[in-house]
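Before any comments, here is the structure.
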Amino acid sequence: MQVHTQTVILMISMIYLVMHAAVWFALSEQRNSQVRLWSISGLISGVAVVLLSMRGNVSEFMFIHVGQALMVFGNAGRCLAMRMFFDSVSRAARWFYAISSTVFLTLMIGGYEIGVIEYRLEVLFFGFYAVILLDYFLVGYWLKGDRRSLGCDLLMVSGLGLSFTQAIRAIGVGINPEAQGVYAQTWDQYLMVAGQMVFIPLTNIGFLRIFLEAREKNRLLAERELAVTEARRFLLSRHQAELQHLLREREEIIRQLTLSNKTAAMGALVASLAHELNQPLCSIRLNAQLVEKMLIDGRAPAGEILRLVESLKSENRRAADIIIKLRKLFEDRSGASGKLDLHEVIRDCVDLVTPSAAASGVELQLFASGQCEMVGDPTQLQQVVLNLLNNAIQAVLLTAWPEKFVRVYTRRHTRYMVLTVEDNGIGIPADMQDSIFQLFRSTKDDGMGVGLWLSKTVVNAHRGEITFSSLPGNTTRFEVRLPLDAP
């Protein structure tokens, strides 16, 4: 049976067109640039084979110039598409195909134009593709690596097959140029055509298989990363819940410490406060007895009665004021932030501590006037002021100075207020100044080391800061800086 070579080559072009179009349509939903490059390059090669199979039916320009250019560009595009399976197409690969394609087209078309013998151009044609098609084998080999992959195996087999049949055809033309022609019906021509018909479909199947394997691998990696992310999110959520629980426990501990520390601090003031409260109560009793006697004796001048009643009311207000301040001081509102007058908080604490300080010979002075509104927890801020006042008074009592004083004053700025407590006590030893705010660290023999740590914790919770300067054996100054707009 006589085989018409041109018809068979035209059938090869149909294989190019159908196979690459099938890959394009099969993977069209991927919207992938690699798939588009592979498919369009294959279609271009198919059009080129159509032109190369129709010499005599198309012009020599279309056969030599257009056909050769389309074949070169189509093959280079497919090779670059295969290399896109790597992380990126290297610059060396792009330059190799650009230079090799340019050189081949220049030699092929230039040789035809200057009249080079045709069989030599055929040897150049088949020899070029015998070398260039080895890239299919190399890409398949590099992609395979240590893993098993049918797609890589198909690329390797196709690359070797296409390169081998092209090389046999080049050798056949070179050995027997007289019996050769573009469409010569020789065994090497039949071998080359058969190789095209077998290995072109295999290259497309190999490309499709590698692409799907890569997509499946990426899907598995994405699922694994999603599972890891979900596990991390769960752990983070659990850790956040645990952290919230710890923070609530911490706030409760601070609340309890505030109350217990406040109670301990007030223990030393009980006697003086009892004396302070006893004075208005005694005055009330005496004045009431005097009014009663005047009424019984029948001599009750209106002016004298009014004077005694005013005295009763004044002493009653004095006693009530002391009781109200004590109630405010011991009211369990820790954790309840709201608007408050910081100067009022300071004045209440100073008023409660003043009797004890005066009984010990310590002059306690307050320099604060007007209002100073801010947002905070009044119970916790009272504890800070009480801690600083008690520490200052105790430090002063340990000195032999004839004049012992504790001064409290405030400075208001645009966005914050500074409270200063200064004393002329014994100061803080130099070796303890770096750790004075640490828990269970105290300069006093009977101290628990809680007061200043608690004060710093409370001030920090109010977005403020507490600092000090101390000259051992002389003076100590504590400064509390609180923002007025802190939530």
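Observations
- Test set (1) modelled with pLDDT under 80; (2) within 56 Å of the chain's Cα centre (by Cα); (3) not hydrophobic (A, V, I, L, M, F, W, C) - residue 74 fails condition number: (1)
- Within segment 160-189, the set of residues being open to solvent by 30 Å² or more (accessible area, probe 1.4 Å) and under 28 Å from residue 99 (Cβ atoms) comprises 160, 164, 167, 168, 171, 174, 182.
- Selection within segment 89-115 - among the β-branched types (Val, Ile, Thr) and under 18 Å from residue 72 (Cβ atoms): 89, 99, 102, 103, 106, 109
- Matching entry among 215, 148, 219, 209 (being of a type in the set (Lys, Arg) and outside any helix (DSSP H, G or I)): 148
Residues are listed down the side, and each one gets a yes or a no for (1) within 24 Å of residue 182 (Cβ to Cβ); (2) open to solvent by 40 Å² or more (accessible area, probe 1.4 Å); (3) not in a strand (DSSP E or B):
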position: 76; (1), (2), (3): yes, no, yes
position: 87; (1), (2), (3): no, yes, yes
position: 92; (1), (2), (3): no, yes, yes
position: 103; (1), (2), (3): yes, yes, yes
position: 108; (1), (2), (3): yes, no, yes
position: 112; (1), (2), (3): yes, yes, yes
position: 123; (1), (2), (3): yes, yes, yes
position: 129; (1), (2), (3): yes, no, yes
position: 140; (1), (2), (3): no, no, yes
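- Qualifying positions in segment 353-383 - in a helix (DSSP H, G or I) and closer than 18 Å to residue 412 by Cα: 381
- Candidate set: segment 41-59, residues that are part of a helix (DSSP H, G or I) and touching a residue at least 40 places away in the same chain (Cβ under 8 Å); chosen: the one nearest to residue 108 (Cα to Cα): 52
This table checks each residue for (1) farther than 17 Å from residue 470 by Cβ; (2) in contact with a Gly (Cβ under 6 Å, 6 or more places away or on another chain); (3) surrounded by fewer than 19 Cβ atoms within 10 Å (Cβ to Cβ); (4) modelled with pLDDT of 80 or more.
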{"site": "362", "(1), (2), (3), (4)": "yes, no, no, yes"}
{"site": "365", "(1), (2), (3), (4)": "yes, no, yes, yes"}
{"site": "376", "(1), (2), (3), (4)": "yes, no, no, yes"}
{"site": "386", "(1), (2), (3), (4)": "yes, no, no, yes"}
{"site": "393", "(1), (2), (3), (4)": "no, no, no, yes"}
{"site": "398", "(1), (2), (3), (4)": "no, no, yes, yes"}
{"site": "401", "(1), (2), (3), (4)": "no, no, yes, no"}
{"site": "415", "(1), (2), (3), (4)": "yes, no, yes, yes"}
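- Out of 71, 14, 62, 19, sole residue that is over 17 Å from residue 203 (Cβ atoms) and part of a helix (DSSP H, G or I): 62
- Of all residue pairs spaced 6 or more apart or on separate chains, those with beta-carbon atoms under 6 Å, a first member in segment 412-432 that is at positive phi and a second member that is not polar (S, T, N, Q) are 427/471; 427/472; 427/473.
- Count of residues meeting criterion [crowded, with 17+ Cβ neighbours inside 10 Å and closer than 23 Å to residue 193 by Cβ] in segment 55-68: 5
- Qualifying residue in segment 143-159 (condition: among the small types (Gly, Ala, Ser), open to solvent by less than 20 Å² (accessible area, probe 1.4 Å) and under 44 Å from the mean Cα position of the chain (by Cα)): yes
- Counting the residues of segment 396-411 that are among the charged types (D, E, K, R), free of Cβ contacts under 8 Å to residues at least 40 places away in the same chain and touching an Asp or Glu at 6+ places or on another chain (Cβ under 6 Å) gives 0.
- Boolean, residue 36 is over 23 Å from residue 14 (Cβ atoms), basic (Lys, Arg) and either free of Cβ contacts under 8 Å to residues at least 24 places away in the same chain or assigned to a helix (DSSP H, G or I) (or both): no
- Checked against (1) open to solvent by 20 Å² or more (accessible area, probe 1.4 Å); (2) modelled with pLDDT of 80 or more, residue 337 meets all criteria but (2).
- Residue match in segment 12-29 (condition: open to solvent by 70 Å² or more (accessible area, probe 1.4 Å), in contact (Cβ under 8 Å) with a residue 24 or more places away in the chain and over 28 Å from residue 145 (Cβ atoms)): yes
- Identity of the residue in segment 40-54, under 17 Å from residue 203 (Cα atoms) and among the hydroxyl-bearing types (Ser, Thr, Tyr), that ends up surrounded by the most Cβ atoms within 10 Å (Cβ to Cβ): 45
The values are calculated or read from the model by the stated rules, or taken from the named source; none is laboratory data. Here the structure is a predicted model, which is why all the values come from computation and not from measurement. Every residue, glycine as well, gets a Cβ built from its backbone with ideal geometry; the counts of neighbours run over all protein chains shown. Accessible surface is based on the protein model in full, side chains and every heavy atom, while ligands, DNA and RNA are left aside. Shrake-Rupley method; radii C 1.70, N 1.55, O 1.52, S 1.80 Å.
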